[in-house]
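I have placed the structure first, in the form of structure tokens, so that the comments after it can refer back to it.
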Amino acid sequence: MSTTAQNKIGSGFGATSTAEDVLRGIDLTGRLALVTGGYSGLGLETTRALTRAGAHVVVPARRPAAAREALAGVDGAEVDELDLGDLDSVRVFAERFLASGRTLDMVIDNAGIMACPETRVGPGWEAQFATNHLGHFALVNRLWPAIEPGGARVVSVSSRGHHLSPVRWDDVHWQRGYDKWEAYGQAKTANVLFAVHLDALARDSGVRAFALHPGGILTPLQRHLAKEEMVERGWIDEHGNPLNPEGFKTPQQGAATQVWAATSPQLDGLGGVYLEDCDIAEAAAPDGGRTGVRSWAVDREQAARLWDLSADLTGVNAFA
């Protein structure tokens, strides 16, 4: 299978399309999805949209009780326990899932943390890189026996935040001079590189991978930011109201690109690319700009290097 070009395909959808819009006419009856963080923010809207289209959705959650409460009344969603920052928890969840004998049709790596104070998990790993990237890396590799048979799509939810930093190869765990936004940027770049190399490894098996920017949305992802910081960044006023409502998507619009990535027949035979606004994104302008994908996030050599590093750190590699 050939490599997909990082160019728009003219999907007919855009920034204001909702998850419901992109699923119109698509029947997911009998399909099984896994959505990490599928009980809050964009993840919750993703779960709702997929189940309305007929899919059954497994929602691994660090707070299962909160997840069950949020998903009460959502028919077709089941909750299980998973902490992406704890590789033992990832292993136990994957073993439990594989024991069920089920095959996955789509995996949406949606859960994440953003701009948190310096936090260490596991053997001293920086929490954003460990949770947003390494936890999902280990999860997908451990679930490979359930992903491969059905030719699933794996969707890695990145962000425009990847513009903030490439992978810092000499200090991925920020042992020197932590910067919460650059650390977030590195983790989001890692999310894209993961999809690039997974697609290269898996496409001959019929499994395709995509990364994406969902858009700017005010969700619980901002939980680590003080109100003053969000005011300073021009996101909200002192009363907490969005200053530029048209600059933010609704959660339903924010969920659209990941739902499109997981289900759209327009992407059949494609993969290994970064998406935004329900289309393949173009390359970012040389000065970065605010749209498109930075070259460091889709560099195949860096993607392979990150895969090897992640396999070494987590001790998991389904393709070894």
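Bear in mind that the values in this text are calculations on the coordinates, not laboratory data. The structure presented is a predicted model; accordingly, all values stated were derived computationally and were not measured. Note that each Cβ is placed from the backbone with ideal geometry, even for glycine, and that neighbours are counted across all protein chains shown.
Structural remarks
- Inter-centroid distance (Cα atoms) of the stretch 115-148 relative to the stretch 1-69, Å: 21
- Net +/- balance of residues flanking L42 in space, Cβ distance below 11 Å, scoring K and R +1, D and E -1: +1
- Helices of the chain meeting both criteria, an alpha-carbon length of 30 angstrom or more along the long axis and an average Kyte-Doolittle score not below -1.0, with helices taken as full DSSP H segments, are 180-202.
- Our summary gives the stretch 6-76 a relative contact order of 30 percent, counting only alpha carbon pairs under 8 angstrom and 6 or more residues apart.
- For the stretch 24-172, a/c is not less than 1.5, where a ≥ b ≥ c are the root eigenvalues of the C-alpha gyration tensor, and a/b tops b/c. That puts it in the prolate class.
- Among 295-308, 132-145, 183-196, the order from most to least packed when residues are scored by Cβ within 10 Å on average: 183-196, 132-145, 295-308
- Interchain or long-range residues, amide H under 5 Å from G215's placed H: R160
- Pairs of Cα atoms nearer than 8 Å and 6+ residues apart set the relative contact order; for the chain it is 24 percent.
- Options (i) 49, 42, 41; (ii) 56, 47, 41; (iii) 100, 48, 30 - which one matches Cα extents along the principal axes in Å as calculated here: (i)
- Shown for M106, M114: other C-beta atoms within 10 Å of each C-beta, ranked fewest to most, produce the order M114, M106.
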